[in-house]
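Worksheet for the structure shown next.
Nothing in this text is a laboratory measurement; each read-out follows from the coordinates by a stated rule. Keep in mind it's a predicted model, so treat the numbers as computed, not measured. Neighbour counts run over all protein chains shown; Cβ positions are idealised from the backbone, glycine included.
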């Protein structure tokens with residue numbers, strides 16, 4: 001008997017390899033998948049502006065990166081001696097405007113360079129609700145008084161129109177770029193059960209329309225559906241009952257891997273994982289003959305993989321194994 005409804009994930013027509021450069025933007029799901037990609041040594045830029053939740057803030061951030069439009073004092077505000085920007089996550093908060101701008105523009109330079117050469121762009125939308133300060137959508141309210149902002153829900157039509165334009169601009173710079181859209185499986189309970197469902201519905205309809213319009217460029221990965229229908233049980237949630245728990249994240253990563261990686265790449269990922277684990281091992285007696293042999297054998301494996309796959313960066317593992 002079948003006791004669960006397993007979500008079928010369509011195959012991604014362009015399998016990702018270690019030669020590819022990946023760029024991930026959006027909500028916490030991106031953070032989870034991005035961390036896994038980085039742990040397995042893929043070249044992945046993950047949320048250079050911090051976690052972003054709504055489609056418009058993500059779009060504005062990507063446009064700034066494409067235009068390499070630096071931050072200046074007009075983008076900042078100060079409260080109680082702390083500087084922030086409504087365009088960035090609170091992780092950039094600084095005690096001086098100069099320090100803030102140095103961090104923000106450093107992140108912008110790295111992100112602009114990475115985006116320009118990316119092969120696959122992953123975008124995860126968390127909510128269709130946005131906050132406007134005047135006419136501008138903010139990425140983060142930074143706990144400012146709610147009276148400062150106007151809250152509204154984006155429409156399907158506005159998201160489709162703005163992302164159609166964004167995709168056109170992205171492909172002008174990088175014709176081979178693929179866009180992968182996902183809807184975050186994290187529920188935004190502040191909106192209430194009904195409000196959260198309405199928000200997710202807007203995102204799902206917008207993603208579906210973009211896939212329909214650009215079938216060769218846009219792909220949809222059903223992370224939301226996997227969490228809601230495949231893992232339909234609170235035991236797969238974290239203690240807040242809103243975020244996926246560790247088992248759910250691991251399962252989502254498995255389904256992600258099946259979709260985007262070939263069997264050859266998954267086999268190589270296993271070799272990379274073994275080297276990373278070996279480098280993290282802390283022996284009781286590092287000068288013993290068995291451990292020295294273990295280090296030599298592992299370094300030989302590193303050298304072999306580096307010669308075959310020069311895009312994989314094992315510098316940290318080399319340093320750990322060599323005791324540097």
Burial order of peptide ranges 57-67, 12-22 (average beta-carbon count within 10 Å, highest first): 57-67, 12-22
Treating the Cα atoms of region 1-141 as identical point scatterers in vacuum, please give the log10 of the normalised Debye intensity I(q)/I(0) at q = 0.17, 0.20 Å⁻¹, two decimals. -0.98, -1.26
Using a Debye calculation, one point per C-alpha and no hydration shell, please list log10 I(q)/I(0) for the chain at q = 0.11, 0.13, 0.16 Å⁻¹ in order. -0.79, -1.06, -1.41
As I understand it, the value is the acute angle between the Cα axis of helix 246-260 and the longest principal axis of the Cα atoms of the chain; what does it come to in degrees, rounded to 10? 80
Return one number: the angle in degrees, 0 to 90 and rounded to the nearest 10, between the long axis of the Cα atoms of helix 28-39 and the longest principal axis of the Cα atoms of the chain. 20
Taking a crude spin-label model, label points 7 Å out from Cα along the C-beta direction, the residue 189 to residue 271 distance in nm is 4.5
Taking 0.36 nm per residue of separation between residue 228 and residue 3 and subtracting their Cα-Cα distance, the length gained on full extension comes to 79.5 nm
Cβ crowding within 10 Å averaged over residues, with 263-270, 248-255 ranked highest first: 248-255, 263-270
Looking at the chain only, what percent of DSSP beta bridges run antiparallel? Nearest 5 please. 40
Set the Förster radius R0 to 41 Å, insert the Cβ-Cβ distance between residue 205 and residue 304 as r into 1/(1 + (r/R0)^6), and round the FRET efficiency to 0.05. 0.25
Along its principal axes, what span do the Cα atoms of region 262-324 show, with the longest given first and each in whole Å? 39, 18, 15
Quickly work out the residue 103-to-residue 38 label distance, labels modelled 7 Å from Cα along the C-beta direction, and quote it in nm with one decimal. 1.5
Compute the long axis of helix 55-67 from its Cα atoms, compare it with the longest principal axis of the Cα atoms of the chain, and write down the angle in degrees, 0 to 90, nearest 10. 70
What helix-only [θ] at 222 nm does the chain give? Using -39500 (n - 2.57) per DSSP H run of at least 4, over all residues, to the nearest 500, the answer is -15000 deg cm²/dmol
Contour minus Cα-Cα span, residue 144 to residue 31, at 0.36 nm per residue, comes to 38.2 nm
Choice from 184, 146, 27 showing the highest fluctuation, given a GNM over the chain with Cα pairs closer than 10 Å: 146
Just subtract the alpha-carbon distance of residue 176 and residue 292 from 0.36 nm times their residue separation and send over the number in nm, one decimal. 37.2 nm
To the nearest Å, what is the center-to-center distance of region 7-44 and region 291-314, using C-alpha atoms only? 24
